[in-house]
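The next block holds one structure in the form of structure tokens; read it before the comments.
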Amino acid sequence: MAKVAILGFGTVGSGVAEVLRENAAGIAHNAAEEITLKYIVDIRDFPESTYGSAHIKDFSVVEQDPEVTIVVETIGGVGVAYNFTKRALLAGKSVVTSNKELVAAHGLELLAIAKEMNVNYLFEASVGGGIPIIRPITQCLAANELDEVYGILNGTTNYILTSMVKDGAAFEDALKEAQRRGYAEQDPSADIEGKDATRKICILADLCFGKNVEPDGVFTRGIGTVTADDVEYARRLGCKIKLLGRAVRLPEGRALVYVAPHLIHKTSLLSNVDGVMNGIVVRGNAIGEAMFYGAGAGKLPTASAVTADIIDAAKHRKARKYLGWEASEPGYAVSPESVPMSWYVRTDSSLTAVGAAFPKVRLVSFPGEYPGAGPDHYAFVTEKASLAELRSRLDSLNILSLFPVLD
Ligand code: HSE
């Protein structure tokens, strides 16, 4: 029998307790042993909870209990969660988590501790909510040289963009609904400003290319700058706008890693990934392209992935699973500043100015046809060039929006 402690009884932690209870028989079958929830550690009181004496407030009880072999960290953030994870691993317990912020920031160190202690640190739920993606990358696609990984990695912003475009919802209302449904982070600016997607693309890049990417230095743009005009221009260009995280292996051992709203052509499968769904594309030299699709956030989808890691940790108590990546040298991760790609530009500069800066592009405009679009709005897509190469020409215009276009 494996005994488990859950740290943090919020949306995901309570979901894990629920799945462990509801699916106990199937989980025991799949783990080849019974999995029991012994402790729920949280400083808050839960008078309505049905888990009774499992609720405790002191983590050191878990740390010192040799019966507990698997710790579930669903606290979130990098403060207490980092401290407890380290202590649990050092106490010889496997840790499973949905905490993308912690994995992105300290995964390298925590995986090294797990290796030293011969225990597992598993984080399937840290990217893509309920979508299997960590295991496919590290196991099913392990025979490939992986060259690129990109996708819609944040359920909250995809839910908001979809509600605004399809249902005409106001931004604030769509965000409130995403919070009510348990999709958003405690501080939803992490979703809106792209930081959550950055943490996830860093984890994917770490795993796909084998070297650590620090989230702090990554080029990150959120959905705050996407306007109704951009959505309409994108439509006229045959595209939709989606927030993507993208990592590409570059020559000379570097990697392009960034997060930004992108124009995606309507024929792309990703353009139809709507609502809370996430879609992740992985490109490898043997598989070609593989796409993973499913619920990217929410209590039970995320708990599904966490609980699968509990089962895996139980099954690999004696033979630790290999999972990890190396430290990277300075300058390893680069931004779109130095890598050629096409850019969508919206400007209210004069036609003469646009023509002088970008003489070859096809201009799109819809003066007077759409509320909010003034007569002097223009949009166009540049040739493939790095932002550094485009800088002087872009600087000659008044830029209202600037987003990459996915090839
Ligand atoms: N806030 C995150 C999202 C939760 O919306 O994708 C899942 O990681």
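For region 287-299, indicate whether the set of residues that are in a helix (DSSP H, G or I), surrounded by fewer than 24 Cβ atoms within 10 Å (Cβ to Cβ) and either within 12 Å of the ligand (Cβ to nearest atom) or basic (Lys, Arg) (or both) is non-empty. Yes, region 287-299 contains at least one residue that is in a helix (DSSP H, G or I), surrounded by fewer than 24 Cβ atoms within 10 Å (Cβ to Cβ) and either within 12 Å of the ligand (Cβ to nearest atom) or basic (Lys, Arg) (or both).
Yes or no: Pro336 in contact (Cβ under 8 Å) with a residue 24 or more places away in the chain and not polar (S, T, N, Q)?
Values: in contact (Cβ under 8 Å) with a residue 24 or more places away in the chain: yes; not polar (S, T, N, Q): yes.
For Pro336, the condition - in contact (Cβ under 8 Å) with a residue 24 or more places away in the chain and not polar (S, T, N, Q) - is met.
If you check Ala125, Ala88 for being assigned to a helix (DSSP H, G or I), within 30 Å of Leu270 (Cβ to Cβ) and either in contact (Cβ under 8 Å) with a residue 12 or more places away in the chain or of a type in the set (S, T, N, Q) (or both), only one passes: Ala125.
Rundown of residues vs (1) under 15 Å from the mean Cα position of the chain (by Cα); (2) more than 23 Å from Leu256 (Cα to Cα); (3) modelled with pLDDT of 95 or more, yes/no style:
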site	(1), (2), (3)
Gly92	no, yes, yes
Val127	yes, no, yes
Ala143	no, no, yes
Val149	yes, no, yes
Leu153	yes, no, yes
Thr157	yes, no, yes
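Residues considered: Asp216, Asp274, Asp230. Of these, the only one that is of a type in the set (Asp, Glu), within 16 Å of the chain's Cα centre (by Cα) and surrounded by 16 or more Cβ atoms within 10 Å (Cβ to Cβ) is Asp274. Restricting region 191-200 to residues that are among the basic types (Lys, Arg) and touching a strand residue (DSSP E or B) at 6+ places or on another chain (Cβ under 7 Å), the residue that is farthest from the ligand (Cβ to nearest atom) is Lys195.
Each row is one residue, and each column tells you yes or no for (1) of a type in the set (D, E, K, R); (2) under 14 Å from Arg254 (Cβ atoms); (3) more than 16 Å from the ligand (Cβ to nearest atom).
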residue: Val306; (1), (2), (3): no, no, no
residue: Glu329; (1), (2), (3): yes, yes, yes
residue: Val339; (1), (2), (3): no, yes, yes
residue: Trp343; (1), (2), (3): no, no, yes
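Taken together, the residues in region 106-165 that are in contact with an Asp or Glu (Cβ under 6 Å, 6 or more places away or on another chain) and closer than 25 Å to Pro251 by Cα amount to 1.
Yes/no per residue for (1) of a type in the set (D, E, K, R); (2) surrounded by fewer than 24 Cβ atoms within 10 Å (Cβ to Cβ); (3) part of a helix (DSSP H, G or I):
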{"site": "Val72", "(1), (2), (3)": "no, no, no"}
{"site": "Gly77", "(1), (2), (3)": "no, yes, no"}
{"site": "Phe84", "(1), (2), (3)": "no, yes, yes"}
{"site": "Ile113", "(1), (2), (3)": "no, yes, yes"}
{"site": "Ala143", "(1), (2), (3)": "no, yes, no"}
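Among the candidates Glu177, Glu193, Glu145, Glu185, single out the residue that is closer than 21 Å to Pro404 by Cα, of a type outside the set (Gly, Ala, Ser) and assigned by TED's automatic domain parsing to the domain that holds Gly245. It is Glu193. Scan region 59-104 for residues that are more than 16 Å from the ligand (Cβ to nearest atom) and not small (Gly, Ala, Ser) and the total you get is 23.
When you check Glu116 against the structure, is it under 22 Å from the mean Cα position of the chain (by Cα) and at pLDDT 95 or above, yes or no? Judged against the criteria, Glu116 is not a match. Please work out if Gly210 is in contact with a strand residue (DSSP E or B) (Cβ under 9 Å, 6 or more places away or on another chain), buried (at least 20 other Cβ atoms within 10 Å of the Cβ) and either in contact (Cβ under 8 Å) with a residue 24 or more places away in the chain or closer than 24 Å to Ile137 by Cα (or both). In short, no. Scanning region 387-407 for residues that are in a loop (DSSP other than H, G, I, E, B) and modelled with pLDDT under 95 yields a total of 1.
Quick grid of which residues meet (1) modelled with pLDDT under 95; (2) away from the ligand (no atom under 16 Å from the Cβ); (3) in a strand (DSSP E or B); (4) surrounded by 23 or more Cβ atoms within 10 Å (Cβ to Cβ):
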residue: Leu244; (1), (2), (3), (4): no, no, yes, yes
residue: Val259; (1), (2), (3), (4): no, no, yes, yes
residue: Leu270; (1), (2), (3), (4): no, no, no, no
residue: Arg283; (1), (2), (3), (4): no, yes, yes, no
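Could you please find all residues in region 154-190 being within 18 Å of Gly294 (Cβ to Cβ) and near the ligand (Cβ under 9 Å from one of its atoms)? Of everything in region 154-190, those that are within 18 Å of Gly294 (Cβ to Cβ) and near the ligand (Cβ under 9 Å from one of its atoms) turn out to be Asn154, Gly155, Thr156, Thr157, Asn158, Tyr159, Ala178, Gly182, Tyr183.
The values are calculated or read from the model by the stated rules, or taken from the named source; none is laboratory data. The structure displayed is predicted, hence computed values, not measured ones. Using ideal geometry, Cβ is built from the backbone for each residue, glycine included, and neighbour counts are taken over all protein chains shown.
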